[in-house]
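Okay, structure first, notes after.
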Amino acid sequence: MNNWLNKIRKGIGKKLAAVHRWNAWMIAFLAFSGLILPWGAWREILGAGRVWLKWLHVGVGLALLLPVLYYLLLAGKHWSLLKERPAQKWNVLIVLFMMAGWFLSGVVLWQFRAFGPAWSNPALIIHDIFTWIGLPYMIYHSITRTRWLKEPHRRSVRTSNQPKTEVPPPKATEPLYTRRAFIRSAIGLGFAVTLGPSFIKWVASSLSSGANVENLVQKDSNHLIPAPQPAVDSLPPIGGGSKGNFRIYTVTPIPSFDNSNWSFTVDGLVNQAMKWNWEEFVKLPRTVQVSDFHCVTGWSVYNNTWEGIPLKHLLEQAGIQSSAQTVKFYSGDGVYTDSLTMKQAQMKDIMIAVMLDGKPIPSDLGGPVRLVVPQMYTYKSVKWLNRIELIAEDHVGYWEERGYDKDAWLSGTKQS
Ligand SMILES: Nc1nc2c(c(=O)[nH]1)N[C@H]1C(S)=C(S)[C@@H](COP(=O)(O)O)O[C@H]1N2
Ligand SMILES: [Mo]
């Protein structure tokens, strides 16, 4: 019996070990890149590298299929080797389940354009949940399986040229709760204590009230006087209030403004360049519009009631010269820009927004003034907008220069 087992072990053991090694390294890379990608500070640091990292993450994620498929070919034999090891069987099932969850939600996120926001939003949440549960599990697994923490009776010893020999099972005198078991539990507890609270916090905020408008208005850092007064359609908001949480994206520290350092400019190829200070700018006539907000990384916020100045009106007021081809938008952060073609800029729902759901736009969400382009992915919606310039040539925006698609149209809304 033992002989027979050992024979299979030798043949299949090497292959299983190789599969396990490959799998472990790939997951380590996916974990590392996956944690960095949504991390605010790294947006600024990585720049174009972030888009590359995303493609590497997707590529390695897809390649994860190879070790898994190879394992499935060996799974029958592996399973019979695990006959008396239910814990290891469970481990295999858990890991396979985790990878299936990551893989399927990852494919939806990768192909977000084909699937659309109704799929990518839940996929992002599922991808996150699997990461929060799967990653600690796998780190725990890899630490506790290192040689020095293994139970002695599981260890097999190989000395230079001799075949593997099993170390004899523990003697009955050995204490029930071994030192190793204790260390294992301690590590598990450590994970629960350090990662548990942030996990709960994250679940709570994604279920209820993290970066919702109410909370952000509370801690707003803008000091612009007078506050804009909401139109009747804005308060209460005709959209019924935004649904979902904004993830706050910025490639600079969040700028804050007051009356002394804020102004708004329309210039370039216009008949009449214009510049307003805040007191003048809040007097410009505004309209109200309800729209959804979709980021290319998979999240959306629905039913936002924006109040602001339609871009079309401002451009008409300034007078567009015939040589103007592109509308270039500048952020007051001094770094972020984006553009629309003259034709795209004619869309009636593009708004230079001042209020969201009846309140001044909080600085985290791009206030006092941000662009809103409802029919395109929101990297077009420049935050802290303070200058619009009409130019004759093309302009490639911040993220487009770093690999985002120049075509930001939401699927199904391609119209101008
Ligand atoms: N100035 C500036 N505007 C920006 C960005 C940015 O980093 N800086 N990020 C863009 C992206 S990719 C998205 S999804 C939205 C996010 O808006 P929010 O931070 O209000 O959720 O803002 C867009 N406008
Ligand atoms: Mo985005």
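If you filter segment 366-395 down to residues that are over 21 Å from the mean Cα position of the chain (by Cα) and more than 25 Å from Trp262 (Cα to Cα), you find that the one that is farthest from ligand 1 (Cβ to nearest atom) is Ala392. Quick one: would you say Val92 is assigned to a helix (DSSP H, G or I), surrounded by fewer than 17 Cβ atoms within 10 Å (Cβ to Cβ) and modelled with pLDDT of 90 or more? Yes; evaluated as a whole, the condition is true for this residue.
Close Cβ contacts (under 8 Å, 6 or more residues apart or on different chains) running from residues in segment 98-126 that are outside the structural domain of Arg247 (by TED's automatic domain parsing) and farther than 24 Å from Pro136 by Cα to residues that are assigned to a helix (DSSP H, G or I) and open to solvent by 70 Å² or more (accessible area, probe 1.4 Å) comprise Phe112/Trp119. The strands (runs of 3 or more DSSP E) falling completely within segment 225-329 that include 3 or more residues that are surrounded by 15 or more Cβ atoms within 10 Å (Cβ to Cβ) and within 16 Å of ligand 1 (Cβ to nearest atom) map to 287-294, 300-310. Of all residues in segment 113-125, those that are open to solvent by 70 Å² or more (accessible area, probe 1.4 Å) and either within 17 Å of the chain's Cα centre (by Cα) or among the aromatic types (Phe, Trp, Tyr) (or both) total 5. Taken as a whole, the condition of being β-branched (Val, Ile, Thr) and within 16 Å of ligand 2 (Cβ to nearest atom) does not apply to Thr305. Checking the conditions here, which among Met355, Met347, Met342, Met351 is over 25 Å from the mean Cα position of the chain (by Cα), within 16 Å of ligand 1 (Cβ to nearest atom) and within 25 Å of Glu401 (Cβ to Cβ)? Just a single option satisfies the conditions, and that option is Met351. Looking at Trp55, Trp79, Trp42, just one residue is touching a Lys or Arg at 6+ places or on another chain (Cβ under 9 Å) and either outside the structural domain of Ser142 (by TED's automatic domain parsing) or closer than 30 Å to Tyr379 by Cα (or both), and that residue is Trp42. Within the group Asp349, Asp338, Asp407, Asp333, which residue is more than 16 Å from ligand 2 (Cβ to nearest atom), outside any helix (DSSP H, G or I) and of a type in the set (Asp, Glu)? None of the other options fit; the residue is Asp349. Determine if segment 363-378 includes at least one residue that is of a type in the set (Phe, Trp, Tyr) and open to solvent by 20 Å² or more (accessible area, probe 1.4 Å). No; the residues of segment 363-378 include none that is of a type in the set (Phe, Trp, Tyr) and open to solvent by 20 Å² or more (accessible area, probe 1.4 Å).
The values are calculated or read from the model by the stated rules, or taken from the named source; none is laboratory data. Small disclaimer: the values here were computed from a predicted structure and weren't measured. Reconstructed Cβ throughout: ideal geometry from the backbone, glycine too, with neighbour counts over all protein chains shown. These accessible areas exclude ligands, DNA and RNA; they are computed on the full protein's heavy atoms, side chains included. Shrake-Rupley method; radii C 1.70, N 1.55, O 1.52, S 1.80 Å.
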